[in-house]
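To keep things clear, I will list the structure first and then write my remarks on it.
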Amino acid sequence: MKAARILTPLLVVAVMLALWEALVRLWQIPPFVLPAPSAIWQALQGDFSSLLFSAWMTLRISLTAFLLAVIGGVALAVLFSQSRIVEMALFPLAVILQVTPIVAIAPLIVIWVGIDNPNRALLLMAWIAAFFPVLSNMTLGLRAADHGLLDLYRLYGATRWQVLTQVRLPSALPYLLSAMKISGGLALIGTVVAEFVAGSGASMGLAWRIMESGNRLQIAKMFAALLLLSLLGVAIFFCLSALENLLLRRWHESRIEREA
């Protein structure tokens, strides 16, 4: 069953690539319109070092923004769970930050952090994209703790710290892990969007390579950069899914395997 889950999508991708290659050759589509997969592979091999460096730049900013979003989102959600007044005061501001398009505020962020510091601007915009899912899901998870268990802890005189660490945080863990899978992809998307909107040659990320290739009509190289970008997103998702499975498989209902 596990092998089928892996082989089935790989087979579908292989069929799609073969069909793509055949149609490009059969219809003689110009490479500057749609390159064949073989041409994309050649471009990837020919510019592998520069593309790999750009992929690392994008990945580094994405992971940094993701980690900051997780730390900040968890910390603020815990603060919300301890004080309703703080939650009522700050949560609307977090919503406003989330619904404001990055494209609209990118020029301001570039000016505020300094034009000479493009990576700081990219990091801030990627953090904005990744922050809210962690905050909202973690807040929900902390509220979803079993009320009977909370009443039992209070009955035995447990401290707020004991209630938080032994009841609320374990209850919120599945919500946090689910949010991290969303936030990881959003951090990557936020980085790429920021590179498109506010990036320059100084950023040297994959989005810059895509823009550079498009301006030079190097469409095969553009597709190669897109391929690396997709692989980064898939790698982030599967790593976070593996972490979720590792932490939940022994106790949470969503991961316990049952007999049919």
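Inspect all residues belonging to region 144-158 and state whether any of them is part of a loop (DSSP other than H, G, I, E, B) and surrounded by 18 or more Cβ atoms within 10 Å (Cβ to Cβ).
yes
Residues that are among the polar types (S, T, N, Q), under 27 Å from T64 (Cα atoms) and either touching a residue at least 12 places away in the same chain (Cβ under 8 Å) or not in a helix (DSSP H, G or I) (or both) are absent from region 160-167 altogether. Restricting attention to region 81-98 and to residues that are at pLDDT 85 or above and more than 27 Å from R160 (Cα to Cα), the residue that is surrounded by the fewest Cβ atoms within 10 Å (Cβ to Cβ) turns out to be I96. Of all residues in region 1-49, those satisfying the criterion of being within 13 Å of L227 (Cβ to Cβ) and aliphatic (A, V, I, L, M) are V13, L17, A39, I40, A43, L44. Candidates are the residues of region 99-117 that are of a type outside the set (V, I, T) and more than 26 Å from M138 (Cα to Cα); the one that is surrounded by the fewest Cβ atoms within 10 Å (Cβ to Cβ) is D116. Screening region 1-106 for helices (runs of 4 or more DSSP H) wholly inside it with 3 or more residues that are of a type in the set (F, W, Y) and touching a residue at least 12 places away in the same chain (Cβ under 8 Å) returns the ranges 48-82. You will find that of L44, L52, the residue that is in contact with a helix residue (DSSP H, G or I) (Cβ under 6 Å, 6 or more places away or on another chain) and closer than 22 Å to L188 by Cβ is L44 and no other.
Rundown of residues vs (1) surrounded by 16 or more Cβ atoms within 10 Å (Cβ to Cβ); (2) assigned by TED's automatic domain parsing to the domain that holds Q42; (3) within 25 Å of L97 (Cβ to Cβ); (4) of a type in the set (V, I, T), yes/no style:
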{"position": "Q162", "(1), (2), (3), (4)": "no, yes, no, no"}
{"position": "L169", "(1), (2), (3), (4)": "yes, yes, yes, no"}
{"position": "A172", "(1), (2), (3), (4)": "yes, yes, yes, no"}
{"position": "I182", "(1), (2), (3), (4)": "yes, yes, yes, yes"}
{"position": "A187", "(1), (2), (3), (4)": "yes, yes, yes, no"}
{"position": "G205", "(1), (2), (3), (4)": "yes, yes, yes, no"}
{"position": "W208", "(1), (2), (3), (4)": "yes, yes, no, no"}
{"position": "G214", "(1), (2), (3), (4)": "no, yes, no, no"}
{"position": "K221", "(1), (2), (3), (4)": "yes, yes, no, no"}
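The values are calculated or read from the model by the stated rules, or taken from the named source; none is laboratory data. Predicted model, so just to flag it, every value in this text is computed and none were measured. Backbone-built Cβ (ideal geometry, glycine too); neighbour counts: all protein chains shown.
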